[in-house]
Amino acid sequence: MNVVVCAKQIPDPAAPQSLEASNNLNRSGKLILDEADTYGVEMALQLVDAAGSGEVTVVSMGSAADVAGLRNALAMGAAKAVIVSDDALRGADALTTAKVLAAAIGRLEPDLVLAATESSDGYTGTLPVQLAELLDLPSITFAKKVTVNGATISVERQTEAGYDEVSAPLPAVVTVTAGVVEPRYASFKGIMAAKSKPVEILSVADLGLSDVVAAGTGQEVTRVVAAEARQSGEKYVDDGDGAQKIVAFLESIKVI
Ligand SMILES: Cc1cc2nc3c(=O)[nH]c(=O)nc-3n(C[C@H](O)[C@H](O)[C@H](O)COP(=O)(O)OP(=O)(O)OC[C@H]3O[C@@H](n4cnc5c(N)ncnc54)[C@H](O)[C@@H]3O)c2cc1C
């Protein structure tokens, strides 16, 4: 079973974030594997283990100046990585990203494509279903449990009320929720092995997408407005009447 995992490298959230003059997120600093994608990598490794053969490939679009995040996925156990990196893709919107990833993934002809429900930086949550449409594959989103039986994938799809049991023929695109599995920590042996695992760097031209991208990457961030600072709430001193004060407050805002 060959599984492709969409894996995004994002600016390290622990470091201060900044914007470029174009109002796009500055991605020139340290990049890490989006934590949301470690669940996809782990799920893929477990499914390939269960199948007894096959491999995991991580596919990404973004800057290839720093591939430490992808090496992390290789250290977890993925066999190889593919990254599409091209200045022409700076600030690309989700649809353009989906077109680029579809072209890169299409070449690999996987049995299954995994992604997270949403990324930690752009979090439009739209890319995986756009990818499925472009690859003409069925998609199942919000998987909290995934099992593969021959050429059929069965998923417990998380809902507000609990979950639905949904199945589809493979190949398919499935998004996994955080917590679907416990991502393994890379072993020292895995980290050393990852240093020599292949990371293929592709350009837009390599994928024959020059015209698509030349037609525009879909978005321009015209203005960025800082979020309003949260007002500090009203403080109540409990002189033995704290409960009454809270009830009076809740009544005043008509929630009780
Ligand atoms: C702050 C911010 C706001 C943005 N707002 C918008 C917007 O409103 N509309 C819009 O079209 N674009 C927007 N973008 C751009 C968008 O984030 C990128 O195009 C991105 O690559 C795809 O969208 P996403 O991260 O929202 O994907 P999501 O749909 O949230 O991502 C879901 C999953 O898809 C996979 N994935 C996503 N991007 C990649 C990638 N580059 N490489 C590999 N796998 C990937 C990952 O598994 C990810 O967890 C924004 C970006 C930022 C940083």
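A compact table of results
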item	result
Meets criteria (touching a Lys or Arg at 6+ places or on another chain (Cβ under 7 Å) and not basic (Lys, Arg)) for residue 66	yes
Segment 151-175 residues that are farther than 19 Å from residue 47 by Cα, paired with ones that are open to solvent by less than 60 Å² (accessible area, probe 1.4 Å) (beta carbon under 8 Å, 6 or more apart)	158/143; 158/177; 163/156; 164/156
Some residue of segment 101-111 being assigned to a strand (DSSP E or B), closer than 25 Å to residue 53 by Cβ and either within 12 Å of the ligand (Cβ to nearest atom) or touching a residue at least 24 places away in the same chain (Cβ under 8 Å) (or both)	no
Index of the failed condition, residue 51 passing every other in (1) within 14 Å of the ligand (Cβ to nearest atom); (2) out of contact with any Ser or Thr (no Cβ under 7 Å at 6 or more places or on another chain); (3) closer than 23 Å to residue 143 by Cβ; (4) in contact (Cβ under 8 Å) with a residue 40 or more places away in the chain	(1)
Scope segment 54-67; condition touching a residue at least 40 places away in the same chain (Cβ under 8 Å) and either more than 10 Å from the ligand (Cβ to nearest atom) or open to solvent by 20 Å² or more (accessible area, probe 1.4 Å) (or both); matching residues	54, 55, 56, 57, 61, 62, 63, 64, 66, 67
Of residues in segment 237-248 being in a loop (DSSP other than H, G, I, E, B) and open to solvent by 100 Å² or more (accessible area, probe 1.4 Å), the one nearest to residue 19 (Cα to Cα)	238
Hits in segment 216-236 (condition: surrounded by 10 or more Cβ atoms within 10 Å (Cβ to Cβ) and of a type in the set (A, V, I, L, M, F, W, C))	221
Residues satisfying the stated conditions in segment 2-21, i.e. surrounded by fewer than 19 Cβ atoms within 10 Å (Cβ to Cβ) and more than 18 Å from residue 176 (Cα to Cα)	12, 13, 14, 15, 16, 17, 18, 19, 20, 21
Evaluation of residue 73 against (1) of a type in the set (Gly, Ala, Ser); (2) more than 8 Å from the ligand (Cβ to nearest atom); (3) open to solvent by 10 Å² or more (accessible area, probe 1.4 Å); (4) under 29 Å from residue 156 (Cβ atoms) (one fails), failing number	(3)
Helices (runs of 4 or more DSSP H) wholly inside segment 114-223 that include at least 1 residues being in contact with a helix residue (DSSP H, G or I) (Cβ under 6 Å, 6 or more places away or on another chain) and more than 15 Å from the ligand (Cβ to nearest atom)	188-194
Residue satisfying all of: in segment 186-204; under 27 Å from residue 85 (Cα atoms) and without any contact (Cβ under 8 Å) to a residue 60 or more places away in the chain; surrounded by the most Cβ atoms within 10 Å (Cβ to Cβ) among these	192
Segment 97-125: number of residues that are out of contact with any strand residue (DSSP E or B) (no Cβ under 9 Å at 6 or more places or on another chain), at pLDDT 95 or above and farther than 21 Å from residue 43 by Cβ	2
Subset tally (residues that are touching a Lys or Arg at 6+ places or on another chain (Cβ under 7 Å) and among the small types (Gly, Ala, Ser)) for segment 111-147	2
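The values are calculated or read from the model by the stated rules, or taken from the named source; none is laboratory data. The structure displayed is predicted, hence computed values, not measured ones. Counting neighbours? That spans all protein chains shown, and the Cβs are built from the backbone with ideal geometry, glycine included. In case anyone asks, the SASA skips ligands and DNA or RNA and just uses the protein heavy atoms, side chains included. Shrake-Rupley method; radii C 1.70, N 1.55, O 1.52, S 1.80 Å.
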